[in-house]
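The values are calculated or read from the model by the stated rules, or taken from the named source; none is laboratory data. Because the structure is predicted, anything quoted here is derived from the model rather than measured. Cβ placement follows ideal geometry from the backbone for every residue including glycine, while neighbour counts extend to all protein chains displayed.
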Amino acid sequence: MKLLFTILTILCVSTGIMAQNTVTGTVTSAQGDPLIGVNVVEKGNSSNGTVTDIDGKYSLSVSPQATLEFSYIGYTTSEIAVNGQSVIDVTLDEGIGLEEVVVTALGIEREKSSLTFAQQTVGANELLEARDINFLNSLSGKAAGVEIKKSSSGPGGSTRVVLRGDKSLNGNSDPLFVIDGIPMANNRTGQPGMWGGFDGGDGMSQLNPDDIESLTILRGSNAAALYGSQGANGVVLITTKSGKEGPAKVNFSTGLTFENILLKPELQFKYGSVGGAKESWSTTPGNYPSNYVDDFFQTGLNQINSISVSGGTARTKAYFSFGNVNARGIIPLNTYNRYNVTFKQSTKMLNDKLTIGSNVILTNELGKNRPATGYYLNPLSGLYYFPRDRDFENYKENYSIIDPDRNVIGQNWFVIDHHQSNPYWLLHEQPRTDKTNRMIGSVNLDYKISNKLSISARGNYDYADKLQEQKFTSGGNTTNVHPNGSWDYWNYTDQLLYTDAILNYNDRFGDFSLGVIAGSSYQKTVFGLGTRVDGDANNGLIYANEFYFQNLPANVQVQSTLNSRLVKEAVFANATVGYKDMVYVDFSGRNDWASSLAGTGNESYFYPSFGATAILSKMFEMPDFINFAKIRYSNTKVGNEVPFNVVNPQNTIASSGGVNRNTQQPFENLKPEIITSSEYGANLRFLDDRVGVDFTYYNTVSTDQFINLPAPSGSGYTRYYVNAGKIVNKGVEMTLDFTPVYTPKLLWTTSFNLWSNHNEVVEMHPDLASISTGESEGYGSRFEAGGSIGDLYVYKFQRDAQDRIILDPGNGRPLKTAMQEFVGNLNPDWSLGWNNNFKIGEFGINFIVNGKFGGVCFSQTQSMLDGAGVSKRTADARDAGGVSVNAVQNETPVSKVDAETWYRAVGDRNGIGEPYVYDRTNVRLTQFALTYSPKLLAKAQTTISLVGQNLFLLYIKAPFDPELAMSTDRNSNSLDTFNTPATRTIGFNLNINF
């Protein structure tokens, strides 16, 4: 009730009249010259701002308690409190912008110039410009060294973020996500594969992006060492909005975008089937309807709304927001809804020495019929396969029929085939639902013991209750569904408890400065604790289509589940020593105690970190065109998480009610994976601060990998773990920002983010030459010494000494290699993000071009469609009288092979994958926004935007979008098995501040 009363009080205050006054003034240099084009904004409300005119004059309406921020290229930023003044003249000193304060590990603020490691900050405006439902997708191209892989599962789908490449063979390469200094859970709920399945979203996709103030990326373990093994793969720091001193402020934003297909498979509608076959291999051309494919898809719709209220006094500040998302995908009946409530407050007490803060984030999420991928139970396979000479309308409305013998409905489809089903049957009679209710609550206390010493304590509890359910009506595909129907049900919770206490000391001793933090943390996680039922063709229901526990037969048990449980305690410390504000040295250390290593003697492990930076422009006299120059170096050793249930694996209860005996040998000497990273960097600014360069080279070595080996004969086990293997990631990252035009009438800023990562598996175990991962049909991936994570292997054509394809002597089909062979790596060689911003009076333009260069991708979809004779190129081949080849049969040269003969051998599930490997290079217009900020209301700032995402593919060779993943699992990168087509979105945003 107290929380509700506080929220209602804030809302009531916000409806009152908010005093505003107009502040005018002149901005000049230290020499008294007027400065043209100075940015003047209200601090904490970047949408309320202006620029100085040709005489250096400005005028801006703000509240009497506001603070004005004056910034100009080549000059030091100045902040001045209004305090009811109507005239404020400002003199700016020459300087650079690197003295800004940034958020680093554990939420500690430091001057950017003192950092010894690479970091990059993305502001809220950049994240919200195009308003993606999952804000992580908006990071694409906006920060160097950050690879974003978006799921093809429609609205609310998960996103995989990788910083500086994969570092573990069997462990986790995901970064740690931290909100306001506290680690958060980002579990991905189920991932599909070649055989089917669904993506249930992730933890970060559940957050309201309108609550984010800024996002800082600590790309390497060097920057994240204080988080220990959790930060081994880098950290994404999220700072949320807070209340500001002054009258209540209201922000309202709404966005509506429409989603349409950008790229889908090219199909043929000229040739039908032969003799009622399920394939379309006729050689007699016809004119068959094609509209049913396009008619199947619908226009996607994303509606995002948010309202926030903030304000406070000098001692108490509060922030409240409510947001909701209503979306539908391009697949019929696919919807996604999310509701967010956030309340954040802080209060100063005891003569402002004690600050008490709290934050509550509530999320309710509901997804229905998220799109499937893979062969089975995917509506797209039946849609694409459907023989061209049949009438699809006969199956669209009449997707079900009555089985008179059993008095139950069944699927109406022309064939029983495990590859395909009636698309409309799948959508209506095999509905899938996932629900999440999540609560994140935190409390923090900061006590200022003196001007030099302070202590803080924080606690956070992250709790999510999740339900995933799919009901498979009887009469469906009997390869996957029981004759009486099947039921998949999983109700579970994810829980994370985190607390820490940190002592912070800062002082100066003559030319020296000293900053010290020391602390301790405790974290407990329990993921996937719940109840589960797995149904399939052999495990169904007693009575048809009655989905409840009492209707489960004896051989289908309700199972208890637990994905992981971990307790981790730690102590840590960091010291930063500075000399004359031009040389800084960092020393840090952390010791973890992890329950996953209990009983090994290695449950306690320590790792240190060292970094140094020198600001050359303060140490030496530089040429006039160089405003700032800095070099930095850091070296870190950190551990990576040990998998759950490895050291002492337990027996489990089988679905039949018996006991599944553990077959994995306990590993009592297991150690954490060790990641050692060195980082070299430089920061430069030129030409009156209009050009900036940030360059980083890193070398990361991961050793003591977790490798699973066959157990020795007679041990009683089948598998056991060892620490072995070595992985190296080397790369470069460069950010170039440039302001070509800076005038009162036109501002143009542009930036380039360019990066490359080279991964190499240097060593494996002597008893294990390679590890196969991913799928096993048509394509696969493996780890072996000399290779890289993401290497792709497929069956290739057999060729003779003259590089001619060898055809079977009898049937003339092309022959494939005995084993899958290496064809390339699924990761790009280079990545580029080019960001442009124009400000022309009340108008603004932003566009981002992203490019991925090098690497390969693979389309199983194209292979399957070719094998069935329904792809456009199979029709083109029939029109041309066959496929043109350079081949040989019985030592006789062959230049053309019958289309069906060729594609039935090359395509399909387990054919020759070589023709379906494509260059993954692609360049696209990722984002565009045209904004208009008219002065419609005297006391309000209004911005109207026309926005678009993924608008155009400027260059691509693959028949699908390589940046849209089959799943966000590591092994499904740049692979396509009946993925949902890539889409573009176009729409409008409205933002009002008052």
When residues of region 36-76 are limited to those that are more than 21 Å from PHE838 (Cα to Cα) and polar (S, T, N, Q), the one farthest from the chain's Cα centre (by Cα): SER59
Top-ranked residue in region 507-555 [being among the aromatic types (Phe, Trp, Tyr) and either assigned to a strand (DSSP E or B) or touching a Phe, Trp or Tyr at 6+ places or on another chain (Cβ under 7 Å) (or both); ranked as modelled with the lowest pLDDT]: PHE527
Region 574-622, residues that are among the hydrophobic types (A, V, I, L, M, F, W, C) and either part of a loop (DSSP other than H, G, I, E, B) or free of Cβ contacts under 8 Å to residues at least 40 places away in the same chain (or both): MET582, VAL583, PHE587, TRP593, ALA598, PHE606, PHE610, ALA614, LEU616, MET619, PHE620, MET622
All positions within region 494-517 that are loosely packed, with under 15 Cβ neighbours inside 10 Å and either in contact (Cβ under 8 Å) with a residue 12 or more places away in the chain or among the β-branched types (Val, Ile, Thr) (or both): ASN506, ASP507, ASP511, PHE512, LEU514
Boolean, GLN65 is closer than 28 Å to LEU936 by Cβ, at pLDDT 85 or above, of a type outside the set (Val, Ile, Thr) and outside any strand (DSSP E or B): no
Within region 100-115, considering residues that are within 23 Å of the chain's Cα centre (by Cα) and either assigned to a strand (DSSP E or B) or of a type in the set (Gly, Ala, Ser) (or both), the one surrounded by the most Cβ atoms within 10 Å (Cβ to Cβ): ALA105
Residue in region 946-958 that is modelled with pLDDT of 95 or more, more than 30 Å from VAL162 (Cα to Cα) and either out of contact with any Cys (no Cβ under 6 Å at 6 or more places or on another chain) or of a type in the set (Gly, Ala, Ser) (or both) present: yes
Inter-residue pairs, beta-carbon under 7 Å, first more than 14 Å from GLN206 (Cβ to Cβ) and in region 316-337, second outside any strand (DSSP E or B) and among the aromatic types (Phe, Trp, Tyr), 6+ apart: ILE330/PHE297
From PHE252, PHE297, PHE258, residue being over 20 Å from PHE135 (Cα atoms), among the aromatic types (Phe, Trp, Tyr), at pLDDT 90 or above and assigned by TED's automatic domain parsing to the domain that holds ASN989: PHE297
Residue within region 548-557 that is surrounded by 15 or more Cβ atoms within 10 Å (Cβ to Cβ) and closer than 16 Å to GLN468 by Cβ present: no
Test: ASN886 is surrounded by fewer than 16 Cβ atoms within 10 Å (Cβ to Cβ), modelled with pLDDT under 90 and not charged (D, E, K, R): no
Given (1) under 31 Å from the mean Cα position of the chain (by Cα); (2) closer than 23 Å to ASN545 by Cα, number of the condition VAL415 does not satisfy: (1)
Residue count, region 801-811 (criterion: touching a Pro at 6+ places or on another chain (Cβ under 8 Å) and part of a loop (DSSP other than H, G, I, E, B)): 2
Unmet criterion (only one of (1) more than 22 Å from GLN557 (Cα to Cα); (2) in contact (Cβ under 8 Å) with a residue 24 or more places away in the chain) for TYR489: (1)
Condition check for ILE361: in the same structural domain as GLN268 (by TED's automatic domain parsing), surrounded by fewer than 20 Cβ atoms within 10 Å (Cβ to Cβ) and in contact (Cβ under 8 Å) with a residue 40 or more places away in the chain: no
Unmet criterion (only one of (1) surrounded by fewer than 16 Cβ atoms within 10 Å (Cβ to Cβ); (2) within 35 Å of the chain's Cα centre (by Cα)) for ASP403: (2)
Unique match (being within 30 Å of THR121 (Cβ to Cβ), in contact (Cβ under 8 Å) with a residue 40 or more places away in the chain and assigned by TED's automatic domain parsing to the domain that holds THR676) among ILE727, ILE771: ILE727
Every residue from region 412-457 that is loosely packed, with under 15 Cβ neighbours inside 10 Å, β-branched (Val, Ile, Thr) and closer than 30 Å to ASN506 by Cβ: ILE449
Within region 469-485, tally of residues that are buried (at least 22 other Cβ atoms within 10 Å of the Cβ) and assigned to a strand (DSSP E or B): 1
Strands (runs of 3 or more DSSP E) fully within region 812-898 counting 3 or more residues that are aliphatic (A, V, I, L, M) and assigned by TED's automatic domain parsing to the domain that holds SER974: 843-853
